[in-house]
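What follows is a set of notes on a single structure, which appears directly below.
The values are calculated or read from the model by the stated rules, or taken from the named source; none is laboratory data. Because the structure is a prediction, the values reported are computed rather than measured. Note that each Cβ is placed from the backbone with ideal geometry, even for glycine, and that neighbours are counted across all protein chains shown.
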Amino acid sequence: MNNSQQIELFGQALLDYHNGDSDAMLDYCRDDGYIQSIPVGLFFRGVTDMPSDNISISECKGRILDIGAGTGLHALHLQGLGSTVCAIDVLETTCEIMKRNGIKDVRCVDISCFNEEPFDTVLVLGHTIGNVGNLSGLRGFLSNLQKLVKSDGKVIINPLDPKYTKDPRHLTYQKFNVENNRYLGEVRMSFKYKGKKGPPFNWLNIDSDSLKNIAYETGWECNILLQEENGNYLARLEKQNF
Ligand SMILES: C[S@@+](CC[C@H](N)C(=O)[O-])C[C@H]1O[C@@H](n2cnc3c(N)ncnc32)[C@H](O)[C@@H]1O
């Protein structure tokens, strides 16, 4: 998973938006020169704005862990419904936003160092899974997750499937990856915010068949709950031996 230094500008942008800069924009700069500008308000969306968020909420049961909770939109909603939620994020800035918003159990911690009694439901939403960086990162993340999930528990993951794009710039980037013996959905990028460019880091967009295969290798059954035309999808992982 990426560390807090690599994605610090992401947290700064979110904190600025929270403090009133509602026009804040964050640039995702890929190493081939492609730049995507994202309105920071996206991370403050209503929890019922997107089908993938709605379905994720409806899947939740019991004690919940929200990994890479960001502004805490899911955690706050679930807490309001009476659920017990632990929201974790590696950034102090996003944890500060969550605390100000009234989320009771916020932990500022890297998921790779997080140990706790197993949960009934684990959420990895809003493309947070991209922070694993590459296929071996995904394998490690899903293996480690076993200890955080009860035997009859589940994980809800919301990735982006890179195979859905028709944009020639993305297709060329994917082809370059494959020619260089990398998985097509690996991205090398950095954030740019208010004229400042952050350090490079790796990001992973994973197609649903590869996710199913790696989930199976690491002890999970994987079912796809939603697939959208833009590649956004939702997967439910349950323990194989249950
Ligand atoms: C793309 S944002 C998604 C936020 C939120 N889940 C949503 O749906 O809007 C990914 C979040 O994961 C957090 N994150 C990245 N690496 C992490 C790590 N190693 N441990 C915990 N959180 C991490 C980031 O700080 C960020 O808030």
Checklist entry - Taking Arg236, is it at pLDDT 95 or above, more than 24 Å from Ile111 (Cα to Cα) and surrounded by 13 or more Cβ atoms within 10 Å (Cβ to Cβ)? => result no
Checklist entry - Any idea which of Thr71, Thr93 is under 17 Å from the mean Cα position of the chain (by Cα) and under 30 Å from Leu184 (Cα atoms)? => result Thr71
Checklist outcome for this item: When Arg107 is run through (1) in contact (Cβ under 8 Å) with a residue 12 or more places away in the chain; (2) outside any strand (DSSP E or B); (3) surrounded by fewer than 20 Cβ atoms within 10 Å (Cβ to Cβ), the failure sits at (2)
Next on the checklist: Among the residues in the stretch 212-219, are any crowded, with 16+ Cβ neighbours inside 10 Å, in contact (Cβ under 8 Å) with a residue 24 or more places away in the chain and of a type in the set (Phe, Trp, Tyr)?
Outcome noted: no
Next on the checklist: List the residue pairs whose Cβ atoms are under 8 Å apart, where the first residue sits in the stretch 1-18 and is closer than 20 Å to Gly140 by Cα and touching a residue at least 40 places away in the same chain (Cβ under 8 Å), the second is of a type in the set (A, V, I, L, M, F, W, C) and part of a helix (DSSP H, G or I), and the two are 6 or more positions apart or on different chains.
Outcome noted: Met1/Ile111; Met1/Val132; Met1/Phe141
Item to check | Those residues of the stretch 59-80 which are closer than 24 Å to Gly41 by Cβ and either more than 14 Å from the ligand (Cβ to nearest atom) or small (Gly, Ala, Ser) (or both), in sequence order | outcome: Gly68, Ala69, Gly70, Gly72, Ala75, Gln79, Gly80
Checklist entry - If you check every pair at least six apart or on different chains, which have Cβ atoms under 7 Å apart with a residue in the stretch 41-66 that is under 24 Å from Phe10 (Cβ atoms) first and a residue that is among the aromatic types (Phe, Trp, Tyr) second? => result Gly41/Tyr17; Phe44/Tyr17; Ile64/Phe119; Leu65/Phe119
Next on the checklist: Based on this model, can you work out whether Leu15 counts as under 17 Å from the mean Cα position of the chain (by Cα), crowded, with 18+ Cβ neighbours inside 10 Å and within 13 Å of the ligand (Cβ to nearest atom)?
Outcome noted: no
Item to check | Selection count where residues are of a type in the set (A, V, I, L, M), farther than 28 Å from Gln12 by Cβ and surrounded by 13 or more Cβ atoms within 10 Å (Cβ to Cβ), scope the stretch 159-199 | outcome: 2
Checklist entry - Among the residues of the stretch 36-54, is there at least one that is among the aromatic types (Phe, Trp, Tyr), on the phi < 0 side of the Ramachandran plot, surrounded by 18 or more Cβ atoms within 10 Å (Cβ to Cβ) and within 8 Å of the ligand (Cβ to nearest atom)? => result yes
